[in-house]
Amino acid sequence: DSGVTQTPKHLITATGQRVTLRCSPRSGDLSVYWYQQSLDQGLQFLIQYYNGEERAKGNILERFSAQQFPDLHSELNLSSLELGDSALYFCASSERGVYTDTQYFGPGTRLTVL
Amino acid sequence: EDQVTQSPEALRLQEGESSSLNCSYTVSGLRGLFWYRQDPGKGPEFLFTLYSAGEEKEKERLKATLTKKESFLHITAPKPEDSATYLCAVQAASGGSYIPTFGRGTSLIVHP
């Protein structure tokens, strides 16, 4: 158990809908990262937050947005969902959000778009 | 564009049969290379971080090494419980921030 929690574990929805994925980092970690993992793309970095502020941005679609709240939990919002958005979404956390940090991954949310 | 290539894509070993997984990378401003283990349907689990060419790290049956262009994960006398997908990632500087790039992974199956 990494100490990172993600909810929900599974999510099934329809095209065009909007969903919110939630992540709680390990106690004491200030940085949160979001990743998407699909069979054809592998693990792709989406976005990083540190203490409420966006720190790095990867291949995140404009339909996707994220934020980190004062209590340090984070939410990833996915809107206008398409079939291709079906994937595993992982959250990771680290202590300081610097490149030397070890990232600890949560168990993931499996999103299925029908 | 930063690239990370892992080989082989899949590897089947007999218990006790040692082997190596390869991770080759093309990045500018490398700040670290990471190895993770991922079991099916679970999040990646951190194994090692390597920062500079020549560095080596060991943990139980695993040993990671780093050169200027690639990293190897050596598995000595593997056991069935070592079966998993092994992911390599690099952290490189990009416009003042650090973007992690993952390889597609090597799926390892160790037969008893």
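On the first, second and third principal axes, largest extent first, how far apart are the outermost C-alpha atoms of chain B in Å?
Projected onto the principal axes, the Cα atoms of chain B cover 48, 31, 20 Å.
Can you give the Kirkwood hydrodynamic radius of the protein assembly as shown from its Cα pairs, in Å with one decimal?
18.0
About its Cα centre, what dipole magnitude does the protein assembly as shown give when the only charges are +1 on Lys and Arg Cβ and -1 on Asp and Glu Cβ, stated in debye to the nearest 20?
That gives a dipole near 60 debye.
Could you list the chymotrypsin sites (Phe, Trp or Tyr not before Pro) in the range B:21-112 that lie in coil according to DSSP, counting only those with at most 15 other Cβ atoms within 10 Å of their Cβ?
Numbers: sites: B:25, B:34, B:35, B:36, B:46, B:48, B:51, B:72, B:86, B:98, B:102; in loops: B:51.
Passing sites in the range B:21-112 are B:51.
Assuming R0 = 41 Å, what is the FRET efficiency of residue A:27 and residue A:82, from their Cβ-Cβ distance, to the nearest 0.05? The partial results should precede the final answer.
Numbers: r = 36 Å, r/R0 = 0.87.
My answer for the efficiency is 0.70.
Counting other Cβ atoms within 10 Å of each Cβ, which GluC sites (Glu not before Pro) in the range B:13-76 have at most 10 and sit in a DSSP loop?
Values: sites: B:15, B:17, B:45, B:55, B:56, B:58, B:60, B:70; in loops: B:15, B:17, B:55, B:60.
Passing sites in the range B:13-76 are B:60.
For chain A, what is the relative contact order in percent, using Cα pairs closer than 8 Å and at least 6 residues apart in sequence?
37
Which order do the peptides A:8-19, A:91-102 take when ranked by the mean count of other beta-carbon atoms within 10 Å per residue, highest first?
A:91-102, A:8-19
Please report the spacing between the Cα centers of the range B:39-112 and the range A:38-88 in Å, no decimals.
24
Taking a threshold of 27 Å on the Cα-Cα distance, which of the pairs A:57/B:59; A:9/B:57; B:42/B:69; A:9/B:63; B:42/B:63; A:57/B:63 fall above it? Please report the intermediate quantities before stating the final value.
Numbers: A:57/B:59 32 Å; A:9/B:57 34 Å; B:42/B:69 29 Å; A:9/B:63 33 Å; B:42/B:63 23 Å; A:57/B:63 32 Å.
Violating the 27 Å Cα-Cα cut-off are A:57/B:59; A:9/B:57; B:42/B:69; A:9/B:63; A:57/B:63.
Applying the Karplus parametrisation 6.51 cos²θ - 1.76 cosθ + 1.60 with θ = phi - 60° to the phi angles of the range A:21-36, what ³J(HN,Hα) value in whole Hz is obtained for each residue in order, glycine and proline being reported as x?
Using θ = phi - 60°, the values come out as 9, 10, 9, 10, x, 4, 4, x, 7, 9, 10, 10, 10, 10, 10, 10 Hz.
Principal axes first, then extents: for the Cα atoms of chain A, list largest minus smallest coordinate on each axis, whole Å, largest first.
Principal axes ranked by extent give 37, 28, 27 Å for the Cα atoms.
First measure r as the distance between the Cβ atoms of residue A:10 and residue A:96, then evaluate 1/(1 + (r/R0)^6) with R0 = 30 Å and state the FRET efficiency to the nearest 0.05.
For residue A:10 and residue A:96, the calculated efficiency is 0.40.
In the range A:1-74, which GluC sites (Glu not before Pro) are in a loop and have at most 11 other Cβ atoms within 10 Å, using DSSP for the loop call?
A:62
Rule-based calculations on the coordinates, nothing more; no lab input. The shown structure was predicted, so the numbers you read here are calculated from the model rather than taken from an experiment. So basically every Cβ, Gly included, is an ideal-geometry build from the backbone, and we count neighbours across all protein chains shown.
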